[in-house]
Amino acid sequence: MSASALIISGVDKFYGPIDRGVHAVQNLTMEIGKGEIVALLGSSGCGKTSTLRMIAGFEEVSRGSISVAGRQVHKLPPVKRNVAMAFEGYSLYPPLTVRENMAFALKAARLPKSEVDAKVASIAKLLEIEDILERYPSSISGGQQQRASLGRALIREADLHLLDEPMGQLEPQLRAVLRGRIKHFIKERGLTAILVTHDQTEANALADRIAVMEGGVLQQFDTPDRIKQRPANLFTGTFVGEPPMNVFEAYVGTTAGKINLRLPDGLSLDYDKEAFSAPVRDELLNRERVVIGVRPYAVRRSKDGVPATVSANQWLGDQTHIAADFAGGSLVLVEHDRTRLELGAPIKVSIDPKNLHVFDQASGNAISHGMELA
Amino acid sequence: MQHTSLLERILRGIALTLVVIFFMFPIVWIFMMSFQTNETILRIPPQLVFEPTLANYTALITGKLTTAAGTLDIAFMRNLWNSVFLSVTSVAVALLLGVPAAYAFARHKFRGSEDIAFTLLSFRFAPALLVLLPLTLYFQKLGLANTYIGLIWVYQLICLPLILWIVRGYFEDIPADIEYAYRIAGHSWFATFRKIALPLAGPGIAAAGLLAFIFAWNNFVFALVLASADKQPVTVGALAFITSSGIQYGQISAAIVLSITPTLALALYAQRYLVEGLSLGAVKG
């Protein structure tokens, strides 16, 4: 017996001939523990849905292997894999009511009718679709169909629940409520779930761990906190986080006991050598060029900072997003109070070295996060 | 509420009437002819008032055609039965072969699948006679000429491509994920085909079957060349009404009325399936 619910090892997916077709998923390896909720996060076409469909058995695995609950499944038909799935396009059976659609998923399990009814009722309550149970998919809204489809997946007892964009069609309030309930539901029953999403809020809220994918390559697979605080590379750093991380190319120099990160337009961020921990300082001084990144909420306005010019100022009701022209690019900073700054107003910004993410200029891989090496 | 003026309604009524008359006239005229004798039919000018007679129908059903030159045997009822048998069997065989094939073409893209599907369709491009002449020689060698099996086989040229291409479109319209959802819930692909794909494409299959039936029923040239009197359908059998003593318009009309009745009845009955079939797109979403 293995404690892993899912092991994907060295999986490649080609659409078209192997090694010549479109390489949708590249050498993917990941292991998911029992009872874990994992989000596959990425933009469209990053390979996340292909991955999910390979696990479900709707796409062939071109290379590598997939095990579910200790069984090799990548050569088995979907029916033998014991996984449940909620589809992005809902895929409810049109001739059946919502209730029948959900109960249908239990057919193979051959449960007594009373038990089926009880299960349907409890899931329907959870997803707030009790009042549409007797209606047909064509007569309900997209959001309701999506919840019915989600219910059809969650009602089953399977080794793995695959949820493809499970809440994309829901309105924001309902989405927030359901996120909490679904997470509770999954955790309470000890289910293992993989959800595919391009919504990082959803991934952060639901998942124990997030797998960030881009271009068919797994970029980072870690907890939401660590992905945010210690992005493995430039892509994860800029992809996760709202508003996105500010990044600038910088030349590393030293003058009079200070480390200078020289930015375009003749600007420079100057830090005392002691401001960095020894390993980070050594790494920095070893390099000529780096890419530095800083989260918008970590950029401070100060009297003796580096000059910038305000180019946009948005009050979002609970925070202010200020965009400024800075070092030949744009810098975004977030403040929690309403800030009255005219367009074109000069400001000065400073960045605490604790909040500095440093990436390798060529590979984009992280070098350090604050005081620690990556 | 829709607001239409009186004038508009009257004009619309007239337009509709004209259209209906235009399309219904031949059928109505033939229907009337079937109750007349050759003399009343050939009156000049034609008259709407006549004394109806059932003589044409009696002649057809008894198989005895009385002409000026004497009494002829007409195998009309036999022909009608041949038509029913050939069309029904051909469509049944075509459905049995075509629907699974259509499903395969719709769901599985394999090497050359498009080419095979197109080749099947291309059978319909060739003029029937071009196919028929060599076929006749083969059929005679094989002993298939003038057999039901041979005819049904040739009728597949009409029915199979039609059913394959229409039904394939319907299968393609069903989101594959609906089937995946069923399969992942613990069912084999065959169960999925039977329980999900077939019912969802049902209206389309019915529409395609109906169309194939009508085409098979109306086919003339295959049966003309390949079948002799006892295997002929009504379309060919109607030639017998051109006798040495003249054309039997009354009997021809009665024969037409009898022979369009099954297709007409079927079309009327299946109308709702046709409409349903055409609005299958509503399933998506």
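Rule-based calculations on the coordinates, nothing more; no lab input. As the structure is a computational prediction, the values presented were derived from the model and not from experiment. Glycine gets a Cβ as well: all are built from the backbone with ideal geometry, and neighbour counts include every protein chain shown.
From the convex hull of the Cα coordinates of the range B:6-73, what is the mean projected area in square nanometres?
Directional mean of the projected Cα hull area for the range B:6-73 stands at 6.7 nm².
Find how much the distance from B:Val84 to B:Phe123 grows on full extension, using 0.36 nm per residue of separation minus their present alpha carbon separation; answer in nm with one decimal.
11.7 nm
With labels modelled as points extended 7 Å from the Cα through the Cβ direction, what inter-label distance (nm, one decimal) is found for A:Gln72 paired with B:Ser228?
In this crude spin-label approximation the distance works out to 6.6 nm.
Roughly how tilted is helix B:198-218, in degrees to the nearest 10 and between 0 and 90, from the longest Cα axis of chain B?
The angle comes out at about 30 degrees.
Please go through the range A:45-105 and write out the GluC sites (Glu not before Pro) that DSSP classes as loop and that have at most 14 other C-beta atoms within 10 Å.
When the GluC sites (Glu not before Pro) of the range A:45-105 are filtered for loop state and at most 14 Cβ neighbours within 10 Å, A:Glu60 remain.
If we count every other residue with Cβ under 9 angstrom of A:Val61's Cβ, Lys/Arg +1 and Asp/Glu -1, where does the sum land?
0
Which whole number gives the average, over all residues in A:72-85, of C-beta atoms from other chains lying within 10 Å of the residue C-beta?
Mean number of neighbouring Cβ atoms from other chains: 3.
Spin-label point model (7 Å from Cα, Cβ direction): what's the A:Ala345 to A:Glu100 distance in nm?
6.4
Subtracting the Cα-Cα distance from 0.36 nm times the residue separation, let me have the gained length for A:Tyr136 to A:Ser311 in nm, one decimal.
This chain segment gains 57.9 nm when fully extended.
Compute the projected area of the convex hull of the Cα atoms of the range B:119-216, averaged over all viewing directions, and report it in nm² to one decimal place.
7.9
For A:Thr238 paired with B:Leu198, estimate the spin-label separation in nm (one decimal), with each label point 7 Å from Cα along the Cα-to-Cβ line.
5.5
With chain B treated as a Gaussian network of Cα nodes joined by springs under 10 Å, which of B:Gly112, B:Gly204, B:Gly150 yields the largest mean-square fluctuation?
In the Gaussian network model the winner is B:Gly112.
Exposed loop sites here are chymotrypsin sites (Phe, Trp or Tyr not before Pro) in DSSP loop states with at most 12 other C-beta atoms within 10 Å. What is the longest stretch of chain B lacking them?
Segment B:126-285 is the longest.
Starting from 0.36 nm per residue, how many nanometres of slack lie between A:His336 and A:Tyr15 once their C-alpha separation is accounted for?
Working it through step by step, the gained length comes to 110.8 nm.
Can you compute the label reach from B:Leu96? Point 7 Å from Cα along the Cβ direction, backbone N cut-off under 13 Å, restricted to the range B:126-168.
Output list for this probe position: B:149, B:152-153.
In what sequence do B:Ile21, B:Ile205, B:Ile163, A:Ile367 fall when counting other Cβ within 10 Å, fewest first?
Arranged by neighbour count, lowest to highest, B:Ile21, B:Ile205, B:Ile163, A:Ile367 become B:Ile21, A:Ile367, B:Ile205, B:Ile163.
Can you check what the net charge comes to around A:Ile292, using other residues whose Cβ is under 14 Å from the Cβ of A:Ile292 (Lys, Arg +1; Asp, Glu -1)?
So the surrounding residues net to -1.
For A:Leu218, what charge total do you get from the other residues with a beta carbon under 14 Å from its beta carbon, if Lys and Arg give +1 and Asp and Glu give -1?
-1
Show me the trypsin sites (Lys or Arg not before Pro) within the range B:1-83 that DSSP assigns to loop and that have at most 13 other Cβ atoms within 10 Å of their Cβ.
B:Arg43
In degrees from 0 to 90, rounded to the nearest 10, what is the angle of the helix B:76-107 Cα long axis to the longest principal axis of chain B?
With both axes taken from Cα atoms, the answer is about 20 degrees.
If a paramagnetic tag sat 7 Å from the Cα of B:Ile61 along the Cα-Cβ line, which residues of the range B:234-253 would have the backbone N under 17 Å from that point?
B:251-253
Mind listing which trypsin sites (Lys or Arg not before Pro) in the range A:64-165 are in a DSSP loop and have 15 or fewer other Cβ atoms within 10 Å?
A:Lys75, A:Arg110, A:Arg135
Helix B:128-142 sits at what angle to the longest principal axis of chain B, using alpha carbons and giving 0 to 90 degrees rounded to 10?
With rounding to tens, the tilt is 90 degrees.
Which residues does the label zone of A:His184 cover in the range A:111-129, counting backbone N under 20 Å from a point 7 Å along Cα→Cβ?
A:118-129
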